[in-house]
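For reference, the structure is listed below as C-alpha cells.
The values are calculated or read from the model by the stated rules, or taken from the named source; none is laboratory data. From a predicted model like this one, the values you see are computed outputs, not experimental measurements. Cβ: placed from backbone, ideal geometry, glycine included. Neighbour counts: every protein chain shown.
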Amino acid sequence: GGFRYIYAAFLQEASQVLNNEKLLDLSKEMTLIGDAWRDFALEASRIYKNRSGKTDAYNKVADELEAIAHKEAAFFKKLKKAI
C-alpha cells in the first residue's frame with residue numbers, strides 16, 4: 001500500500017500545478033485505498049503468524065482483497081476521465 005500514498009501525494013501536487021480539483025479528490029481516494037491495503041496486510045500477517053482470532057479469516061481477507069481490487073479499478077476509470 002505504500003506506493004499508493006506516494007501516488008496520492010503526487011496527485012495532490014498535480015492538482016495544484018494543473019489546477020484540476022478532480023485530481024485532489026482522487027488523491028484522497030487513493031489515500032483511502034492505501035489505508036485498505038495497510039489493513040489487509042495487517043490482517044494477513046496476523047493469519048500468517050497464527051494470531052488471528054477470527055473465524056473464517058481467510059475468506060474475510062479474500063473479500064477485503066476483492067473489495068480493494070474493485071476500488072482500484074473504479075479509481076483508475078475516474079482518473080482516466082479526470083485527465
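Whether any residue in the range 32-46 is in contact (Cβ under 8 Å) with a residue 40 or more places away in the chain, assigned to a helix (DSSP H, G or I) and farther than 22 Å from Q12 by Cβ is what I want to check. Outline the logic, then answer.
Just the residues of the range 32-46 that are in contact (Cβ under 8 Å) with a residue 40 or more places away in the chain, to begin with: 33, 41.
The next check asks that each one be assigned to a helix (DSSP H, G or I); those that pass are 33, 41.
When the remaining residues are screened for being farther than 22 Å from Q12 by Cβ, the result is 41.
Yes, there is a match, as at least one residue in the range 32-46 is in contact (Cβ under 8 Å) with a residue 40 or more places away in the chain, assigned to a helix (DSSP H, G or I) and farther than 22 Å from Q12 by Cβ.
State whether the residues of the range 40-47 include one that is within 30 Å of A82 (Cα to Cα) and in contact with a helix residue (DSSP H, G or I) (Cβ under 9 Å, 6 or more places away or on another chain).
Initial filter on the range 40-47 (within 30 Å of A82 (Cα to Cα)): 40-41.
When the remaining residues are screened for being in contact with a helix residue (DSSP H, G or I) (Cβ under 9 Å, 6 or more places away or on another chain), the result is 40.
Yes, the range 40-47 has at least one match.
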Taking the range 1-33, which residues are within 13 Å of the chain's Cα centre (by Cα) and not small (G, A, S)? F3, R4, Y5, I6, Y7, L26, K28, E29, M30, T31, L32, I33
Which count do you get for residues in the range 50-77 that are among the basic types (K, R) and under 19 Å from G1 (Cβ atoms)? 2
Give me a count of the residues in the range 58-72 that are farther than 23 Å from A82 by Cα and surrounded by 16 or more Cβ atoms within 10 Å (Cβ to Cβ). 2
Considering only residues that are in a helix (DSSP H, G or I) and among the β-branched types (V, I, T), look in the range 50-83 and name the one that is modelled with the highest pLDDT. I68
Out of the residues in the range 30-49 that are buried (at least 16 other Cβ atoms within 10 Å of the Cβ) and modelled with pLDDT of 95 or more, state the one that is farthest from A69 (Cα to Cα). T31
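Among the residues of the range 5-29, what is the count of those that are over 16 Å from K77 (Cα atoms) and surrounded by 15 or more Cβ atoms within 10 Å (Cβ to Cβ)? Give the steps one after another, and end with the answer.
Keep residues of the range 5-29 that are over 16 Å from K77 (Cα atoms), which gives 5-6, 9-10, 12-21.
Those still in the list that are surrounded by 15 or more Cβ atoms within 10 Å (Cβ to Cβ) too: 5, 12, 14-15, 20.
Final tally of qualifying residues: 5.
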Residue pairs qualifying under the 9 Å Cβ cut-off, at least six apart or on distinct chains, with the first in the range 10-22 being under 21 Å from G34 (Cβ atoms) and the second being in a loop (DSSP other than H, G, I, E, B) and at pLDDT 95 or above, are A14/N20
